Amino acid sequence: DQQVKQNSPSLSVQEGRISILNCDYTNSMFDYFLWYKKYPAEGPTFLISISSIKDKNEDGRFTVFLNKSAKHLSLHIVPSQPGDSAVYFCAARSYSGGGSEKLVFGKGTKLTVNP
Amino acid sequence: DTGVSQDPRHKITKRGQNVTFRCDPISEHNRLYWYRQTLGQGPEFLTYFQNEAQLEKSRLLSDRFSAERPKGSFSTLEIQRTEQGDSAMYLCASPRKGAMVTGELFFGEGSRLTVL
């Protein structure tokens, strides 16, 4: 079963407008949520994270919102730039007291920002 | 540059051959992770090490796969008797110093395996 879901495989926006990428999760025990950006033939690059006890975290053009009751988070990019075109992965940290700790990823959303 | 190095970047092999990938993680961190990414999927957890101890293995890691981390430094991932379904990007990651609390992992550029 997929614990982290990104239901939109792709998103296209105009340069300068807002990009909103969505993510849903099922495991209420996740304690941190992260967004990664990936270009072809490269590894994922960390963008921004948010603790499960927060509802918003902002870093420059990137803001992540968390709605715990809905088990939903979103990444807002404002303003969008052509260089933001990439695949964006939502990830959640699974942590147990027994020492198991790993990130669980969604399938990704391909963002295209048109000039 | 995340400080995580992987080698080789691309490996093409014939079905049935063995392949080995190497990862050199961020030097000051004792945790190292292996993930696999196939087309249209996000990275999937395979295994992780704390120092030289392999603490968890995914059920994706069949008995044809073995990972080691001698002396808690670099790590190797070996796939024996490769199958076409093993074709994927194999990613190595480690946390940056101080990021244990927030869970951030820094990934290498990956080793792409193509099994013919």
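The numbers here are math on the coordinates, done by the rules we state, and not lab data. Note that the structure is predicted; figures quoted are calculated from it, not measured. Reconstructed Cβ throughout: ideal geometry from the backbone, glycine too, with neighbour counts over all protein chains shown.
Remarks
- The mean sequence separation of alpha-carbon pairs under 8 Å and at least six residues apart, normalised by the residue count of chain A, gives a relative contact order of 36 percent.
- Distant-in-sequence amide contacts of B:Lys11, defined by a placed amide H-H separation under 5 Å and a gap of 5 or more residues or a different chain, comprise B:Arg112, B:Leu113, B:Thr114.
- Three semi-axes of the equivalent ellipsoid, the range B:1-62, Cα gyration tensor, whole Å, largest first: 21, 16, 13
- In the protein assembly as shown, Rg over Rh equals 0.97, where Rg is the alpha-carbon radius of gyration and Rh the Kirkwood radius from pairwise Cα distances.
- Along the axis of the charge dipole computed for the protein assembly as shown (Cβ charges of +1 for Lys and Arg, -1 for Asp and Glu, origin at the Cα centre), the listed residues B:Gln50, B:Pro8, A:Ile48 are led at the positive end by B:Pro8.
- Loop GluC sites (Glu not before Pro), the range B:1-105 (other Cβ atoms within 10 Å of the site Cβ: 14 or fewer; DSSP): B:Glu28, B:Glu52, B:Glu83
- A Cβ-based charge dipole, computed about the Cα centre of chain A with Lys and Arg at +1 and Asp and Glu at -1, lands at about 120 debye.
- Normalising the Debye intensity of chain A to I(0), with uniform scatterers on Cα atoms only, and taking log10 at q = 0.22 Å⁻¹ returns -1.25.
- Estimated FRET transfer efficiency (A:Arg17, B:Glu68; beta-carbon r; R0 45 Å; 0.05): 0.40
- Exposure proxy ranking, count of Cβ atoms within 10 Å, fewest first, for A:Met29, B:Met89: A:Met29, B:Met89
- For the Cα trace of the range A:45-93, dividing Rg by the Kirkwood Rh returns an Rg/Rh value of 0.96.
- Here is the list for the range B:10-116: trypsin sites (Lys or Arg not before Pro) lying in DSSP coil, each with at most 16 other C-beta atoms within 10 angstrom of its C-beta, are B:Lys14, B:Arg15, B:Arg59, B:Arg64, B:Arg81, B:Lys97.
- The Cα-based radius of gyration and maximum Cα-Cα distance (Dmax) for chain B are 13.5, 42 Å.
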